[in-house]
There are 2 protein chains.
Amino acid sequence: LENNDILIKQTDIVYKDDFVTAFIASYFIGNNSGHVIIVPNEHIENIFDMTQDVSSHIAQVSKTIAFAVKEAYNAGGITTLQNNGPDAGQHAFHYHLHIFPRHKDDKMYDHMMKKRETTPEERLPYAEKIKQYFSRIDPEYH
Amino acid sequence: LENNDILIKQTDIVYKDDFVTAFIASYFIGNNSGHVIIVPNEHIENIFDMTQDVSSHIAQVSKTIAFAVKEAYNAGGITTLQNNGPDAGQHAFHYHLHIFPRHKDDKMYDHMMKKRETTPEERLPYAEKIKQYFSRIDPEYH
């Protein structure tokens, strides 16, 4: 997968199983740096052609990732967001669910349309924090 | 259920089953009037205490509602959004998933923090459109 919205480098991946992959977004938003994107491994364009099995699994993994992002980044809350269709701001035509860390008075929506492209090096500490969280709660995680 | 964020009147309800209820939000956002909120019928505060069964069901119903909102309102797309914790803008402490109709150049995020309270009469045509959509696709719907 590679385009402006969904660019996955191996070092960005924080979770992967047979059905989905979760990774640090290649761009950061305002005060909500390091948000995570969950995508199905098979091609599903958006919610309109989502399958029941995959959506159930994404729902389950989104809770896991929400906990991880909150704890790893010491965030005050989590917002999940998912766009379908160009008019909704979907630019990568592969279903993707955003998991944003939220902080007090972060004014996220003021910055939502101003994406800041990042380097893999900038993203690395975020991926590391989440991986460390998973290692703490699950010794089998690697 | 009754507070600023989650106020359900019978006339707002567009879908209900044993596990979830979907209704027209009591406030409108900018150019995205008539968005729908899905809540579990049992008390679940947010994603952090969501159960697997309910999250799978919500995922399935969210697709149904996404289709309905898109078709009934002739929207260009759909954005789903879900806040967890006060720092994420969660003010009603019962899990709720927003299903927003999106329109070309609607600038939704510019208006996200400016909720416009509505009357049940203002919301009625939106509920009617969605109910009419369901009646068209499912003659059993009532």
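Computed on chain A, the Cα convex hull volume stands at 104 Å³ per residue. Please list, or write none, the aspartates and glutamates whose alpha carbon is within less than 20 Å of the alpha carbon of B:LYS115, excluding same-chain residues fewer than 8 places away. The reachable aspartates and glutamates, counting only those whose Cα sits under 20 Å from B:LYS115, are A:ASP105, A:ASP106, A:ASP110, B:GLU2, B:ASP5, B:ASP12, B:ASP87, B:ASP105, B:ASP106. Here, the protein assembly as shown has an Rg and a Dmax of 18.2, 56 Å when only alpha carbons are counted.
Local charge for B:VAL20 was computed over the other residues whose Cβ lies under 12 Å away, with Lys and Arg +1 and Asp and Glu -1, and equals -3. Assuming R0 = 41 Å, what is the FRET efficiency of B:ILE137 and B:HIS43, from their Cβ-Cβ distance, to the nearest 0.05? The calculated FRET efficiency here is 0.85. Straight-distance candidates among the lysines for linking to B:LYS16, with alpha-carbon spacing under 23 Å and chain neighbours fewer than 8 residues away dropped: B:LYS63, B:LYS70, B:LYS129, B:LYS131. Accessible area per residue for the protein assembly as shown is 46 Å², calculated with a 1.4 Å probe on protein heavy atoms, without ligands, DNA or RNA. With label points set 7 Å from Cα along Cα→Cβ, the inter-copy distances at B:ASP18 are 2.8 nm, sorted shortest first. Shielding by partners for peptide B:47-59, expressed as the average number of C-beta atoms from other protein chains within 10 Å of each residue's C-beta, is 5. Loop-located trypsin sites (Lys or Arg not before Pro) across segment A:6-82 with a Cβ neighbour count of 16 or fewer within 10 Å are A:LYS9, with loop assigned by DSSP. Copy-to-copy label distances for B:THR51, where each label lies 7 Å from Cα along Cα-to-Cβ, are 2.7 nm in order of increasing length. Rounded to the nearest 20, the Cβ-based charge dipole of the protein assembly as shown about its Cα centre (Lys and Arg +1, Asp and Glu -1) stands at 700 debye.
On the beta carbon distance between B:GLU128 and A:GLU71, with R0 = 35 Å, the FRET formula returns roughly 0.20.
Sparsely packed loop sites in segment B:61-122 (the GluC sites (Glu not before Pro) outside DSSP H, G, I, E and B with at most 15 other Cβ atoms within 10 Å) do not occur.
The values are calculated or read from the model by the stated rules, or taken from the named source; none is laboratory data. Everything quoted here is computed from the prediction, not taken from an experiment. Every residue, glycine among them, receives a Cβ derived from its backbone with ideal geometry; neighbour counts consider all protein chains shown. Side chains are part of the model used for accessible areas, which takes the heavy atoms of the whole protein and leaves out ligands, DNA and RNA. Shrake-Rupley method; radii C 1.70, N 1.55, O 1.52, S 1.80 Å.
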